[in-house]
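Some notes on the structure that comes next.
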Amino acid sequence: MKQAGRLLTCNGLIVSPLLVWIALPGRFSLWPLICISLVPLFYWITAAENRRVAFRRGLASGIILYSLLLYWVIPVLMQYGNLPWFVAIPCLFLLSLYMSVYLAVFATLFFQLNGTDSVWLYGAVPALWVGLDWLRSWLFGGFPWMDLGYGFWSMPSLLQVADVAGHHGYTFFVVLINFVVFTLIDGRISPLRRLSGVILVIAITITGSVYSKIRWNEVEASLSSTQSPLVGIVQGNIEQNLKWSPQQRQRTILTYLERSQFLMEKYSPTLIIWPETALPFYPINNELLQPIKQFVRAHNVALITGAPWYEVQDLDKKLIDYYNSALLMSADATFSGSYYKSHLVPYGEYVPLKRYMPFISPLVEAVGDFTPGVIDQPLMAGTIRAGVLICYESIFSNISRTWVNSGANVLVNLTNDAWYGKSSAPYQSWAMTVFRAVETRRSLVRAANTGISGVIDPHGRILSDSGLFVQWAQAVSVPLNREKTLFVRGGYWFAPGCAVAGILISLLLFAAAGRSGKGFLRQ
């Protein structure tokens with residue numbers, strides 16, 4: 001045991017980031033490794049001389065981890081932001097550094113807490129991790145990319161508890177398992193505390209398994225009697241560098257119309273979905289809209305498509321709001337609904353502190369910055385009530401939850417992942433989207449410009465999916481559901497609850513250590 005501990009301590013800086021990277025969605029997705037991936041990190045933190053060293057060790061591991069997970073930022077900035085490599089690489093480093101601060105804070109708290117031999121640590125350690133994930137999900141606009149719980153995305157039978165505690169519940173369990181494994185190897189931990197950890201993991205596993213089986217059968221029975229309209233999806237595979245050029249716009253529209261024509265001839269869906277900004281022009285009074293209107297009239301089919309949009313607030317003052325929008329065109333060729341993206345991408349759709357960083361302005365494609373919209377009513381096409389997630393809105397569970405509370409019986413994700421190339425990012429984005437379906441028990445239909453497009457059912461099963469950088473069109477029967485899950489009704493409080501619980505338990509343990517004469521804090 002001691003020899004294993006020394007080995008893990010020596011390799012903590014590199015091994016944990018590598019194991020997490022290999023386990024999470026992307027190039028490898030070897031999800032079982034997630035259950036032991038943090039053990040070397042825990043050892044490395046525990047072996048620190050003081051809390052300042054623990055902080056630095058957490059920061060260093062985080063920089064390596066997030067550089068591996070977010071490496072695709074560099075080609076995005078270079079190819080589409082027109083930034084040189086010597087600017088793009090520091091941008092990745094700064095983003096990784098920011099993400100790593102949360103891990104560094106956790107490392108410091110873990111170092112302090114592990115000096116107490118208490119069973120309450122099995123609650124405090126995973127709760128603090130989840131609490132910091134939750135903080136990162138909304139602070140400064142939020143960037144909840146690749147939390148540990150997403151490692152289970154490809155195993156529908158293991159995902160059913162997500163309708164109670166969301167993906168944060170799975171992160172809690174991952175950290176707990178890793179901490180229990182750590183205590184089993186660490187010779188300084190008392191036998192009673194080790195046994196308590198094992199019993200806790202077994203109890204949670206059994207409870208989760210029983211719940212998952214019951215809920216799977218309940219949802220299956222519910223879906224067998226629900227309406228399942230046929231929905232068509234088109235992946236145009238339009239090159240990002242070409243789609244906005246005036247000479248390519250007509251070709252883009254013809255591509256989408258040809259693939260939609262194929263769907264109508266083979267499947268006759270009631271609704272067709274095109275990706276984010278599939279219309280590379282402002283549709284208002286644009287002649288390129290005419291063949292689309294003719295198509296929907298001729299086939300009596302509704303269409304949801306992404307497009308830029310603008311609204312004039314004051315023409316004299318040149319006050320114009322620009323939106324990244326999803327538009328619903330009814331079978332009579334009129335726009336009967338719209339949604340303007342509410343959670344914009346910083347440095348992609350708007351530029352915070354733009355006057356202080358003019359070099360990054362080329363990342364914004366549209367004329368001026370986009371204006372955020374608000375979630376109102378779902379887009380309605382027959383029995384379909386679509387809650388729309390544009391681009392990376394699919395990684396924010398609160399947006400999906402808000403749509404369900406607004407009456408959505410299906411979620412539709414329009415995205416353009418061409419930016420990411422053939423990197424890990426499209427796979428990561430797709431994997432996170434799976435959890436939105438289970439958390440809300442809504443089918444999720446995804447139309448992406450270059451992939452991955454597909455359909456996920458309320459169990460988290462992938463009913464259909466496309467490859468990357470191929471033209472693709474498919475129609476799938478999409479179950480509609482009206483159930484409001486425990487997560488939608490209140491389970492979303494699990495993560496902030498962890499933040500509060502982690503802090504309270506930590507304070508109690510520190511106070512108890514102080515009263516026993518062991519000192520309030522490790523130095």
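The values are calculated or read from the model by the stated rules, or taken from the named source; none is laboratory data. Just so it is clear, the model here is predicted, and its values are computed rather than measured. Cβ coordinates were reconstructed from backbone atoms using ideal geometry, including for glycine residues, and neighbour counts include every protein chain displayed.
At-a-glance table
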item	result
Residue that is over 30 Å from L508 (Cβ atoms) and of a type in the set (S, T, Y), where the choices are S157, S137, S100	S157
Single residue of the range 190-203 satisfying the filter (farther than 21 Å from F172 by Cα and of a type outside the set (S, T, N, Q)) that is surrounded by the fewest Cβ atoms within 10 Å (Cβ to Cβ)	P191
Residue among E393, E349 that is touching a helix residue (DSSP H, G or I) at 6+ places or on another chain (Cβ under 9 Å), surrounded by 14 or more Cβ atoms within 10 Å (Cβ to Cβ), over 24 Å from Q261 (Cα atoms) and modelled with pLDDT of 85 or more	E393
Pairs with Cβ under 7 Å, 6+ apart, first in the range 472-487 and in contact (Cβ under 8 Å) with a residue 40 or more places away in the chain, second in a loop (DSSP other than H, G, I, E, B) and of a type in the set (V, I, T)	P479/T226; L480/T226; L480/T383; N481/T226
Subset tally (residues that are part of a helix (DSSP H, G or I), farther than 24 Å from L69 by Cα and within 15 Å of the chain's Cα centre (by Cα)) for the range 401-424	1
Hey, D163 under 29 Å from the mean Cα position of the chain (by Cα) and either modelled with pLDDT of 95 or more or more than 24 Å from T450 (Cβ to Cβ) (or both) or not	yes
Those residues of the range 68-86 which are assigned to a helix (DSSP H, G or I) and touching a Phe, Trp or Tyr at 6+ places or on another chain (Cβ under 7 Å), in sequence order	L68, L69, V76, M78
Tally of residues being surrounded by 13 or more Cβ atoms within 10 Å (Cβ to Cβ) and farther than 22 Å from I36 by Cβ across the range 204-216	4
Residues within the range 417-439 that are in contact with a strand residue (DSSP E or B) (Cβ under 7 Å, 6 or more places away or on another chain) and in contact (Cβ under 8 Å) with a residue 60 or more places away in the chain, tallied	1
Criterion (closer than 22 Å to F396 by Cβ and either surrounded by fewer than 18 Cβ atoms within 10 Å (Cβ to Cβ) or hydroxyl-bearing (S, T, Y) (or both)) met by exactly one of S137, S228	S137
